[in-house]
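The values are calculated or read from the model by the stated rules, or taken from the named source; none is laboratory data. Because the structure is predicted, anything quoted here is derived from the model rather than measured. Don't worry about glycine lacking a Cβ; one is built from the backbone with ideal geometry, like all the others, and counts go over all protein chains shown. These accessible areas exclude ligands, DNA and RNA; they are computed on the full protein's heavy atoms, side chains included. Shrake-Rupley method; radii C 1.70, N 1.55, O 1.52, S 1.80 Å.
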Amino acid sequence: MPMYGDLGNKLVIHAKRTQGLAHLPPYQTELVRAVTREVRDLNRDVESLLEPFQGSFDPTQDHATACTLLVNHLSMRRNKRCLLAYHRTRTDKLEEMVWNGVDVADLAGPQAGGGRGNGPGGAADGGSSSGSNLSPQEEDYVRQYSDLLAAYKGQWTDIDLTGSLEPPRDLFIDVRVLKDAGEIQTEYGAINLTKNSQFYVRQGDVERLIQQGYLQKLG
Amino acid sequence: MSYYDIDAILTDAEKIPCTFQLDIPDLGYLDNAPDRPLKAGTKVNLPFWLAEMLAIANAGDVDGKQYITFDLPPALSNDVVQALKADPRSVPLRDQSAHFYALATRMMELSDEPELASVLRKTFVTRASEIALHARKVGGVGHSKGKGSEEGSNLGIGGAGEEFLRGLDEWERKLFRKAHDGAKATKEWMETIKRH
């Protein structure tokens, strides 16, 4: 027999699994909706329980009702916590991805590479591959967070806050182009990055493109 | 423990055996019988998040009667405690509860269990050193002279300790992972030092 809070728990189990994944699994629209519905139902119960008392309910006079109200209240509070924690886990992950330079458009896909997969089971997820894994609100969140980060980073022109923390061993590196990335300007003139071509370039010029998966570092 | 802590939330979902002390007409559903009132004396397994507040809140009576009384969950039953006393390493804590220590800590916030506390303390210390031992072994990090290019970073790779590692609770797993990553990072660092 299902109990109040069971659905919320499912949501948290999803969140737990999400923590161990490198990408973001699909947003549980249905589950979130079901949990919110449960809260609304509980609230309606509370209102109908309290109605006969006309605002003068005294818990010491009616233990049974007081206890029922308490159970309802606790169930709502529990659901709220589950909902918030689920969403927070996802936004944490999204923020991390933005910092790691994952392309926002890529996040819409089921396999958003990027984030260094730590922990067990970074394997592919069984979620549906159609459409975005993010809720519309989450997409909005990512977009605005990226803007914020860009504005923040913009204050320093000669430091890349999201750059690699590994000190480079060589100034110049060999790269192979994995995806067409158009023309980029470097100190030594323009380079046209077409797929499958190979270049010897200054690491600093292409770091972002490597992070975003356009280029692959060789050697 | 944070409000948003996923493991804390899952810990609070663990069921606790409770006994209702009052007749409550509307809560029959807690005992699988939505149409009948819940009678005083009914035993129900309630999740911790519900049981905790029901146990703390008293019915506001003069005699301070509680809504429910509760017992320790099966995971912390006498059988388990006796087994832990005999040999902490031979008990797969995970089979009792994935959040074994967290659950025990939560229970002890509600009721004073000095004996349980001391058994668990000893259990953790004994098992922690065992965990550290395994964490160094997995992935060939030990003191072996081999270059050890195999980078086994997953939990429970072969070996005699597999059974033990499978029985770790969440907290211990984290400990294992930290110890393992630490040993691995040290090894990597040592190798780069040598190269220069």
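Within the range A:69-79, identify whether any single residue is basic (Lys, Arg), modelled with pLDDT under 95 and assigned to a helix (DSSP H, G or I), and answer yes or no.
Looking through the range A:69-79, none of the residues is basic (Lys, Arg), modelled with pLDDT under 95 and assigned to a helix (DSSP H, G or I).
Return the residues of the range A:173-206 that are open to solvent by less than 60 Å² (accessible area, probe 1.4 Å), closer than 19 Å to A:Gly101 by Cβ and part of a loop (DSSP other than H, G, I, E, B); say none if nothing qualifies.
A:Ala181
Tell me the residue from B:Ala75, B:Ala8, B:Ala13 that is out of contact with any helix residue (DSSP H, G or I) (no Cβ under 6 Å at 6 or more places or on another chain) and on the phi < 0 side of the Ramachandran plot, please.
Just one listed residue meets the conditions, B:Ala8.
Taking the range A:53-106 as the search range and keeping residues that are away from chain B (no Cβ under 14 Å) and closer than 30 Å to B:Lys65 by Cα, which one is least open to solvent (accessible area, probe 1.4 Å)?
As a first pass, look at the range A:53-106 and keep what is away from chain B (no Cβ under 14 Å): A:53-56, A:94, A:96-106.
Now drop any that are not closer than 30 Å to B:Lys65 by Cα, which leaves A:53-56.
Values: A:Phe53: 59, A:Gln54: 154, A:Gly55: 83, A:Ser56: 83 Å².
So the residue we want is A:Phe53.
Failed condition for A:Pro26, given (1) touching a Ser or Thr at 6+ places or on another chain (Cβ under 9 Å); (2) under 21 Å from A:Leu69 (Cβ atoms), with all others met?
So the condition that A:Pro26 fails would be (2).
Check B:Tyr101 against each of (1) assigned to a helix (DSSP H, G or I); (2) not assigned by TED's automatic domain parsing to the domain that holds B:Leu168 and name the one condition it does not meet.
Every condition holds for B:Tyr101 apart from (2).
Quick check on A:Arg44: is it basic (Lys, Arg) and surrounded by 20 or more Cβ atoms within 10 Å (Cβ to Cβ)? Give the steps one after another, and end with the answer.
Numbers: basic (Lys, Arg): yes; surrounded by 20 or more Cβ atoms within 10 Å (Cβ to Cβ): no.
Judged against the criteria, A:Arg44 is not a match.
From B:Ala8, B:Ala40, B:Ala51, grab the single residue that is among the small types (Gly, Ala, Ser) and in contact (Cβ under 8 Å) with a residue 60 or more places away in the chain.
One residue alone meets the criteria, B:Ala8.
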